[in-house]
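Single-structure report; data block below.
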């Protein structure tokens with residue numbers, strides 16, 4: 001009887017989802033008038049008047065929309081006509097996906113609504129079974145960044161993991177390798193390897209995934225600084241103090257070269273590129289600003305669920321077919337797509353096969369009290 005009652009209650013709840021969303025959006029639509037849209041000129045960053053207007057509407061409705069488990073996040077982006085719009089990310093595996101998509105209106109407060117159906121957003125750590133063959137070369141020191149690397153003990157549960165050593169930053173005159181928390185320091189349980197990430201642990205190049213899970217075949221290029229950015233902060237970032245003579249002091253990145261030391265804000269439609277462990281040098285465009293997104297985290301390599309983190313103010317990038325970033329590219333620095341000394345834009349850390357996600361690089365630098373190493 002209890003099972004039948006629960007099933008009946010669940011089915012009725014599913015039937016009510018569409019009505020609840022319509023009721024919520026109807027209230028929003030009745031409480032404010034529309035304002036003019038149309039394709040926008042100029043740099044579409046957070047200071048652009050229309051972008052700021054749409055971001056305000058997006059922020060007003062995001063909490064209510066994300067109270068439905070099949071809505072993964074929102075952002076401010078563009079519709080197919082080039083008009084600034086609210087983007088709603090809907091879980092393609094969700095049981096209520098169809099009802100959600102049907103219920104969402106074409107506009108909220110005069111702002112177009114774009115629906116992106118995607119799988120859940122996850123960190124993009126690569127993993128391989130022990131005995132895997134390396135496809136990434138061990139560099140002769142001093143190494144360039146944008147290369148395979150990670151925590152020297154990132155092996156558990158029959159797998160080893162790794163990501164990308166993204167860029168070089170400076171704190172109080174010392175140089176540090178910048179990557180993600182989940183690349184350097186996310187092992188938080190004794191679990192499958194009987195250890196957790198600890199201050200001073202080796203950060204290696206290449207990562208274990210590219211040396212058959214055998215750390216003796218890699219080289220130590222830095223020492224972990226165990227500053228935990230997650231789950232309590234809004235950036236997925238970690239650093240390792242660069243070992244003397246092991247990393248190029250100009251911060252050069254494979255296939256990109258040296259970069260500018262001056263970060264820039266992202267803008268919708270902005271051409272960007274990155275150099276990462278798995279997909280190498282790739283290019284794309286920024287598709288959304290001010291994103292609020294839910295991202296899943298594990299407690300160690302091939303481990304169990306640790307927590308789900310809701311990030312705010314993130315940058316979204318087109319990643320159709322995972323051609324911009326894929327598993328193992330986590331930690332890559334995203335820069336402007338220019339030939340010489342590109343300005344840093346964001347730190348890539350998660351995504352799906354449709355969209356990539358980056359922390360604004362300014363927020364990352366502020367978190368560490370750091371500056372970029374560059375020209």
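Match the structure shown to one of the listed values [x] 64, 60, 33; [y] 82, 78, 48; [z] 114, 46, 41 of Cα extents along the principal axes in Å, computed from it, and give that label. Checked against the structure: label [x]. As a length-normalised measure over Cα pairs under 8 Å and 6 or more apart, the relative contact order of the chain settles at 18 percent.
Stretched out straight at 0.36 nm per residue, the stretch from residue 296 to residue 115 would grow longer than its current Cα-Cα span by 63.1 nm. Descending by average beta-carbon neighbour count within 10 Å, the peptides 55-63, 87-95, 336-344 line up as 87-95, 55-63, 336-344, the highest first. The value for the stretch 130-242 of Rg(Cα) / (2.2 N^0.38 Å) is 1.00.
Under the simplified labelling scheme, the residue 80-residue 375 pair shows an inter-label distance of 4.1 nm, with each label point 7 Å from Cα along Cα→Cβ. Each label was represented as a point 7 Å from its Cα along the Cα-to-Cβ direction; for residue 194 and residue 312 these points are 4.4 nm apart. In degrees from 0 to 90, rounded to the nearest 10, what is the angle of the helix 49-65 Cα long axis to the longest principal axis of the chain? Tilt of helix 49-65: around 80 degrees. Put simply, the C-alpha atoms of the stretch 42-171 give a gyration tensor, and the ellipsoid matching it has half-axes of 39, 22, 12 Å, longest first. Maximal additional length on extending the residue 216-residue 46 stretch stands at 56.5 nm, based on 0.36 nm per residue less the C-alpha distance. Principal axis extents of the C-alpha atoms in the stretch 271-367 (largest first, rounded to whole Å): 42, 27, 21. Label positions at residue 67 and residue 323, each projected 7 Å from the Cα along the C-beta direction, are separated by 4.0 nm.
Once the Cα atoms are used to define both axes, helix 2-30 deviates from the longest principal axis of the chain by about 80 degrees.
Computed over every Cα-Cα pair of the stretch 187-312 and binned at 10 Å starting from 0, the pair-distance distribution P(r) comes out as 10, 28, 40, 22, 1 percent. Each of the peptides 168-175, 250-257 was scored by the mean count of other Cβ atoms within 10 Å over its residues; in descending order, highest first, they stand as 250-257, 168-175. In terms of packing, defined here as the mean over residues of other Cβ atoms within 10 angstrom, the peptides 263-270, 348-355 line up highest first as 348-355, 263-270.
Throughout, read-outs are computed from the coordinates displayed, never taken from laboratory work. These figures come from a predicted structure and were not determined experimentally. All Cβ positions, glycine included, derive from the backbone under ideal geometry; neighbour counts span all protein chains shown.
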